[in-house]
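Trainee: Have a look at this one before I ask anything.
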Amino acid sequence: MRIVPVPPDAAAFSAFGSFVTGPAKSGDRRLYSDWLAPVAGLSLQFHINAVAASALPHVLTQVENHPHAAQAFVPLNVSRYLVTVMPSDAAGRPDAPKAMTVVMPGTMGVIYRPGVWHAGITVLDHDAQFAVLMWRGAPDDDVFAAIPPLTILDAQTELTGTTA
């Protein structure tokens, strides 16, 4: 399977979560607290992930989900990164043929809904770091599943037939 990344589209992404963007003007604030509401029996975790840069094309063979709580990623020192999500099939497994990959600027974060199948964040251009917030503490906080190889292509290569 092959997929070409698309630009962020909040409406198209809404079934999987939300994009995190700053307010339009100084002095304002944009709230995302409803996404990270407390979950009984779990504790709020805040950590920083370091992610090595990848190049396109990039092959994914595994996805994950977190059944109990949303997961928020806020980029720190990030140029561009890829967010790959997919719905569940009727059995609750990842439906890889319906995957979507979004190429995100380092000025936007992402929040995944609880239970959304997603790949680990793929960073482009240079190594990066993300602040991560989520509620944890259940034995099955992290569920992993193998998928048929999904190749994320470079949109520029696909459009022109050449590499940049």
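Trainee: Determine, yes or no, whether residue 113 is touching a strand residue (DSSP E or B) at 6+ places or on another chain (Cβ under 6 Å), over 17 Å from residue 6 (Cα atoms), among the basic types (Lys, Arg) and open to solvent by 10 Å² or more (accessible area, probe 1.4 Å).
Mentor: yes
Trainee: Looking only at region 12-27, count how many residues are under 15 Å from residue 86 (Cα atoms) and either in a loop (DSSP other than H, G, I, E, B) or open to solvent by 80 Å² or more (accessible area, probe 1.4 Å) (or both).
Mentor: Pass one, region 12-27, residues under 15 Å from residue 86 (Cα atoms): 12-18.
If we keep only those that are either in a loop (DSSP other than H, G, I, E, B) or open to solvent by 80 Å² or more (accessible area, probe 1.4 Å) (or both) as well, we get 14-16.
Of the residues in region 12-27, 3 are under 15 Å from residue 86 (Cα atoms) and either in a loop (DSSP other than H, G, I, E, B) or open to solvent by 80 Å² or more (accessible area, probe 1.4 Å) (or both).
Trainee: When you look at residue 84, is it outside any strand (DSSP E or B), at pLDDT 95 or above, farther than 27 Å from residue 43 by Cβ and within 15 Å of the chain's Cα centre (by Cα), yes or no?
Mentor: no
Trainee: Looking at (1) more than 24 Å from residue 56 (Cβ to Cβ); (2) in contact (Cβ under 8 Å) with a residue 60 or more places away in the chain; (3) part of a loop (DSSP other than H, G, I, E, B), find the lone condition where residue 40 falls short.
Mentor: Among (1) more than 24 Å from residue 56 (Cβ to Cβ); (2) in contact (Cβ under 8 Å) with a residue 60 or more places away in the chain; (3) part of a loop (DSSP other than H, G, I, E, B), the lone unmet condition for residue 40 is (2).
Per-residue answers, yes or no, for (1) under 17 Å from the mean Cα position of the chain (by Cα); (2) surrounded by fewer than 13 Cβ atoms within 10 Å (Cβ to Cβ); (3) among the hydroxyl-bearing types (Ser, Thr, Tyr); (4) closer than 22 Å to residue 50 by Cβ:
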{"residue": "74", "(1), (2), (3), (4)": "yes, no, no, yes"}
{"residue": "89", "(1), (2), (3), (4)": "no, no, no, no"}
{"residue": "95", "(1), (2), (3), (4)": "yes, no, no, no"}
{"residue": "117", "(1), (2), (3), (4)": "yes, no, no, no"}
{"residue": "124", "(1), (2), (3), (4)": "yes, no, no, yes"}
{"residue": "138", "(1), (2), (3), (4)": "no, no, no, no"}
{"residue": "150", "(1), (2), (3), (4)": "yes, no, no, no"}
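Trainee: Taking the condition aromatic (Phe, Trp, Tyr), touching a residue at least 12 places away in the same chain (Cβ under 8 Å) and open to solvent by 30 Å² or more (accessible area, probe 1.4 Å), does residue 46 pass?
Mentor: Answer is yes for this residue.
Trainee: Still on this structure: State which residue is farthest from residue 105 (Cα to Cα) when the search covers only region 69-82 and only residues that are touching a Ser or Thr at 6+ places or on another chain (Cβ under 8 Å) and without any contact (Cβ under 8 Å) to a residue 60 or more places away in the chain.
Mentor: Going through the qualifying residues, I end up with 75.
The values are calculated or read from the model by the stated rules, or taken from the named source; none is laboratory data. Since the structure is predicted, the reported quantities are computational estimates derived from the model, not experimental observations. As a convention, Cβ positions derive from the backbone with ideal geometry for all residues, glycine included, and neighbour counts pool all protein chains shown. Heavy atoms of the whole protein, side chains included, go into the accessibility calculation; ligands, DNA and RNA do not. Shrake-Rupley method; radii C 1.70, N 1.55, O 1.52, S 1.80 Å.
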